[in-house]
Amino acid sequence: MAALDATELEVREGVDRETVETVANMGSYKYGWDTEIEMEYAPRGINEDIVRLISEKNGEPEWMTDWRLAAFRRWEGMTEPRWAMLNYPHIDYQDQFYYARPKSMAVKPKSLDEVDPKLLATYAKLGIPLKEQAILAGVEGADASPIQAPGDERRVAVDAVFDSVSVGTTFKDELAKAGVIFCSISEAIRNHPELVKKYLGSVVPPSDNFFATLNSAVFSDGSFVYIPPGVRCPMELSTYFRINAENTGQFERTLIIADKGSYVSYLEGCTAPKRDTAQLHAAVVEIVVLEDAEVKYSTVQNWFPGDEDGKGGIYNFVTKRADCREARAKVMWTQVETGSAITWKYPSCILRGEESQGEFYSIAIANNLQQADTGTKMVHLGKNTRSRIVSKGISAGRAQNTYRGLVSMHPRATNSRNYTQCDSLLIGDKCGAHTVPYIEVKNTSSRVEHEATTSKVDDDQLFYCRARGMDEEEAVALVVNGFCREVLQALPMEFAMEAQSLVAISLEGSVG
Amino acid sequence: MTDTAARTAPAEIQAQAQTQAQTQTRADAPQKSRGIQTPEVVGGTQPAPAPRLEALQAPQDGCTAAARRDAMQRLVAAGLPKPRDEYWRYTDPKLLNADTPAPLAIGDEEPQMFGSLDRLRLVFVDGVFDPAASDAPDADGVRIETLQAADAQPGHWIAQSYGALEAAGQKPVVRPFAALNTAVATNGLAIHVSARVARPVHIIHRRRDEAADVVLHHVIRLDAGAELTLIETGMAGARENTVIEADLAPGARLHHIAAIRAAGTRIGARHIFACVDEDAAFKSFTLSLNGTLMRHESVIDIAGDDSVAHVAGAVLGDGAQGPFHHDDTVFVTHGAERCESRQVFKKVLKNGAVGVFQGKILVKPGAQKTDGYQISQALLLDDDSQFLAKPELEIYADDVRCSHGSTTGAIDPVALYYLRSRGVPKDRAIVMLVLSFLAEALAEVEDDDLRAEIGDRLELWLNRHATADSHRAGSA
């Protein structure tokens, strides 16, 4: 496939440009390079001193240090969950670095102009220029988007996290004018302790699960967003996570608070260099949605998935949860999971407020030896709550892909509604696709519907495409894009473009 | 009967298996990281054998002795289920784990089902075969013996079959009550079908002893091309533990229909293990009415190409007569090409009844052209009732068509309005809608007469309970 000449493809009639680009872009993992930069590490391993050290490096007040230590002590007594359909070697938690930052970040730069050019170059190479200009976050090739009319510029504020620290946040001043707080969480702990104290751990308590507890103890940085009442965030917010250092775990914590009647769309992207050893990533995302507020959270997860033989890659153990705390709150999770050797991730919605709404759209692609166990939880507690789950799982190569989800209607969640659709597509006969839904209905006025199908790429559709001159891989990419369409449509435009090409890249080499 | 046969407590086996279990626990235990100073408790999760296990006595002689010893080892290794076990997530095994069941008053005998049918009747009283009340157990193409009689014959075919499918069905999930059954069961039937049998075999359960704790184990072997319809009705004891093992040779057909009526505080665990070879067809339909705690597990191994397995259930639960909890757990393994499996489960729940469905389709690598279908639906007639479902797919082959659906909801008000606007009284309209809801499960009964009779029984139950509700509402 890689041997195919892009120009030759270009001339071919009847194949739309998107497919041509997709195919031309096909290659191995594109973000596998690393940045040579002098780093500063905390000693290897984890103990109370390391936790204190991280807290000290972030200049945290004592209450925060105590919070971390309490989480660490609890974590020591916990065992790693192994119920997911994931098979990975024993993780030695003492063999990791829990804190790594570029030396140049020892003194926090006051503005982006002072940031080490090497770091800026890293992000520029990733397609994320940290300059305050009209930019499209994390989107490669998005400028080629025909829909993007000149003059109709969309701006995105970016918080860039490099290993354990936030490098910089753009458009801060303009956001501040609207009253929006968008900064790294370490800054928020220093500058907005009242908000952090009130909300941190209120959605995902430090005792929640093994990985969330570990994160509570050692999280180094992450993003903090507060949208004041009635404010529609003037631009999309985005965090870009990059793991660079070797043997380093990334533990970031994101806290988003949408106050009454506010709106924000938040994008998250992530990449890591190619390395032979697996790396740990255990993040926590907490979202608090108050009355009439709405949060859209979109992720394109493109961590290094390991090579064809399953060597290296990121072990991604993530706890994401949104709490629709008050009436008519709305949250929408959209995720495209193409990377990571291991994915353990269940973005959830607690629908507490009456008439609150939760939506979950997911594409999970596993190729080669990747394993994904992902899904969602919709916990209906309030009356007239609504949720919708659309999950598309694609397995190729020797990968295993599991949808695991919970829909729970509590007795008081009367007149609530859930619709779940999870479809799996198998490409090749050595992969696996699994569905493990839990459905718990405890009142009669609610309706719960669950549908799941598993199939392979339809031969008729393939034949149709091939009869029109596409080769097999192009045809599969097209059919798969069609299969994912419902979810791709739920993504913000720029992300949808990236996601679409990612789908093709991830499946490269899986046919034939 | 064989109660007098020599028995010894399986203390040795227990000790041996306990060691084995500990080794296993050690291997399976989540590995702790080196640096964390939490003391490692090896085998700490393994509780001491429950009193129920200590008291078990397995028959020592007879041709099934070896199979029983193996089963005892499996049981001790697995231990009795605990409420935290994932496979028992929705059903508390406490009542099944108890040493003895609570006595259950003997009510009026239900009118006999399928009375008009020409069938071979085999009566069990409190789980013990009653030859006097039964028809002579011989017919063309089938040889029926009691488990004891078969056990006493050295070299009898059940020596190979007894416990074999149960043992195979313990992976990947343990089923301790089935192992317990294999270890200790002394009652049941050994049915060898060698040709097409025209008359259905009808097992009828009757009760005499209020505290009967019944353990039954039937082994059914169908030769190539053989065919049998097996019917089960009635209540077996205050507590029941039944295992059916059915081995279908190429081209064989087994149609199993059970109408499990329960009353009061009745509890039970039932397991059906079936192995379906090439071109064979296994079809099972179970109707369950009431009962405090019922767990029905079906473990189907589709081993031969072009075979078919259908498992269906209709459950009616009314919590007004005491707690109602019904759990259908199904595990279908596709290990061959071009096979079809269907799971159809419909539950109607009212007055705080709880319905559980755990269904799984496992498609092994190479089981291409599999057609797997699974539907679980619940109709909740009031706000107190619950439906808990875990419909799973695990698929390792690409050219398959597998789907599952699960819905939960109330009676459609539009449908109800339509019927009422046409003069159908509300109670009657609800009965009609419930019957239509159950129709898909009932359709799995192939024989028209049998299906009609089950339909009548359902309607009777629904009418009676609808009236009971009206009375309660009236007096309130």
If we ask which residues in segment B:406-439 are of a type outside the set (A, V, I, L, M, F, W, C) and crowded, with 16+ Cβ neighbours inside 10 Å, their number turns out to be 4
Selected residue [more than 9 Å from chain A (Cβ to nearest Cβ), at pLDDT 95 or above and within 23 Å of the chain's Cα centre (by Cα)] from B:328, B:318: B:328
For residues that are more than 30 Å from residue B:172 (Cβ to Cβ) and polar (S, T, N, Q), scanning just segment A:85-105, find the one that is farthest from the other protein chains (Cβ to nearest Cβ). A:104
Which numbered condition trips up residue A:52, out of (1) in contact (Cβ under 8 Å) with a residue 60 or more places away in the chain; (2) more than 14 Å from chain B (Cβ to nearest Cβ); (3) among the basic types (Lys, Arg)? (1)
Can we say residue A:490 is in contact with a helix residue (DSSP H, G or I) (Cβ under 6 Å, 6 or more places away or on another chain) and either in a helix (DSSP H, G or I) or more than 7 Å from chain B (Cβ to nearest Cβ) (or both)? no
Regarding segment B:444-452, can at least one residue be identified that is in contact with a helix residue (DSSP H, G or I) (Cβ under 7 Å, 6 or more places away or on another chain) and either of a type in the set (Ser, Thr, Tyr) or not in a strand (DSSP E or B) (or both)? yes
Against the definition (of a type in the set (Gly, Ala, Ser), within 13 Å of another protein chain (Cβ to nearest Cβ) and either surrounded by fewer than 22 Cβ atoms within 10 Å (Cβ to Cβ) or touching a residue at least 24 places away in the same chain (Cβ under 8 Å) (or both)), how does residue A:405 come out, yes or no? yes
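Residue-by-condition table, conditions (1) acidic (Asp, Glu); (2) touching a helix residue (DSSP H, G or I) at 6+ places or on another chain (Cβ under 8 Å); (3) surrounded by fewer than 23 Cβ atoms within 10 Å (Cβ to Cβ); (4) at positive phi:
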{"residue": "A:419", "(1), (2), (3), (4)": "no, no, yes, no"}
{"residue": "A:426", "(1), (2), (3), (4)": "no, no, no, no"}
{"residue": "A:429", "(1), (2), (3), (4)": "yes, no, yes, no"}
{"residue": "A:442", "(1), (2), (3), (4)": "no, no, yes, no"}
{"residue": "A:447", "(1), (2), (3), (4)": "no, no, yes, no"}
{"residue": "A:497", "(1), (2), (3), (4)": "no, yes, no, no"}
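Filtering segment A:238-264 down to residues that are of a type in the set (A, V, I, L, M) and modelled with pLDDT of 90 or more, which residue is surrounded by the most Cβ atoms within 10 Å (Cβ to Cβ)? Outline the logic, then answer.
Taking segment A:238-264 and keeping what is of a type in the set (A, V, I, L, M), we get A:243, A:245, A:255-258, A:264.
Among the residues that remain, those that are also modelled with pLDDT of 90 or more are: A:255-258, A:264.
Numbers: A:255: 25, A:256: 24, A:257: 26, A:258: 31, A:264: 26.
So the residue we want is A:258.
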Filter segment A:324-375 for residues that are among the basic types (Lys, Arg) and touching a Lys or Arg at 6+ places or on another chain (Cβ under 8 Å) and give the result. A:325, A:345, A:352
Does residue A:227 meet the test of being at pLDDT 95 or above and in contact with a strand residue (DSSP E or B) (Cβ under 6 Å, 6 or more places away or on another chain)? yes
For segment A:368-387, check the following and say yes or no: at least one residue is of a type in the set (S, T, N, Q), modelled with pLDDT of 95 or more and at positive phi. yes
Filter segment A:428-471 down to the residues that are facing chain B (nearest Cβ under 8 Å) and among the basic types (Lys, Arg) and list them by number. A:430, A:442, A:447, A:456
Among the candidates A:74, A:82, which residue alone is within 14 Å of chain B (Cβ to nearest Cβ) and part of a loop (DSSP other than H, G, I, E, B)? A:82
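Please find, within segment A:368-386, the residue that is nearest to the chain's Cα centre (by Cα) out of those that are polar (S, T, N, Q) and either closer than 19 Å to residue A:455 by Cβ or surrounded by 24 or more Cβ atoms within 10 Å (Cβ to Cβ) (or both). Walk me through how you get there before you give the answer.
Going residue by residue through segment A:368-386, those that are polar (S, T, N, Q) are A:368, A:370-371, A:374, A:376, A:384-385.
From what's left, either closer than 19 Å to residue A:455 by Cβ or surrounded by 24 or more Cβ atoms within 10 Å (Cβ to Cβ) (or both): A:370-371, A:374, A:376, A:385.
Details: A:370: 16, A:371: 16, A:374: 12, A:376: 13, A:385: 25 Å.
Here the answer is A:374.
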Across segment B:100-142, what is the total count of residues that are touching a strand residue (DSSP E or B) at 6+ places or on another chain (Cβ under 6 Å), charged (D, E, K, R) and assigned to a strand (DSSP E or B)? 1
Is it true that residue B:298 is among the polar types (S, T, N, Q) and out of contact with any Ser or Thr (no Cβ under 8 Å at 6 or more places or on another chain)? no
Could you list, in sequence order, all residues of segment A:438-465 that are aliphatic (A, V, I, L, M) and under 30 Å from residue B:353 (Cα atoms)? A:439, A:441, A:448, A:452
Quick test for you: out of B:474, B:405, B:455, pick the one residue that is of a type in the set (Gly, Ala, Ser) and at pLDDT 90 or above. B:455
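A quick yes/no check of all residues on (1) loosely packed, with under 14 Cβ neighbours inside 10 Å; (2) touching a residue at least 24 places away in the same chain (Cβ under 8 Å); (3) of a type outside the set (D, E, K, R):
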residue: B:85; (1), (2), (3): no, no, no
residue: B:96; (1), (2), (3): no, yes, yes
residue: B:105; (1), (2), (3): yes, yes, yes
residue: B:115; (1), (2), (3): yes, no, yes
residue: B:126; (1), (2), (3): no, yes, no
residue: B:141; (1), (2), (3): no, yes, yes
residue: B:147; (1), (2), (3): no, yes, yes
residue: B:154; (1), (2), (3): yes, yes, yes
residue: B:161; (1), (2), (3): no, yes, yes
Going by the structure shown, is residue A:414 farther than 30 Å from residue A:455 by Cα, within 10 Å of chain B (Cβ to nearest Cβ) and not acidic (Asp, Glu)? yes
Given (1) assigned to a strand (DSSP E or B); (2) surrounded by fewer than 24 Cβ atoms within 10 Å (Cβ to Cβ), identify the lone condition not met by residue A:389. (2)
Check residue A:318 against each of (1) in a strand (DSSP E or B); (2) more than 28 Å from residue B:396 (Cα to Cα) and name the one condition it does not meet. (2)
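In segment A:213-306, which strands (runs of 3 or more DSSP E) lie fully inside it and hold 1 or more residues that are farther than 19 Å from residue A:156 by Cβ and either polar (S, T, N, Q) or in contact with a helix residue (DSSP H, G or I) (Cβ under 9 Å, 6 or more places away or on another chain) (or both)?
Hits in segment A:213-306: A:253-258, A:278-281, A:284-289.
The values are calculated or read from the model by the stated rules, or taken from the named source; none is laboratory data. Everything numeric here is computed off the predicted structure, so don't read it as measured data. Positions of Cβ are generated from backbone atoms using ideal geometry, with glycine treated the same way; all protein chains shown enter the neighbour counts.
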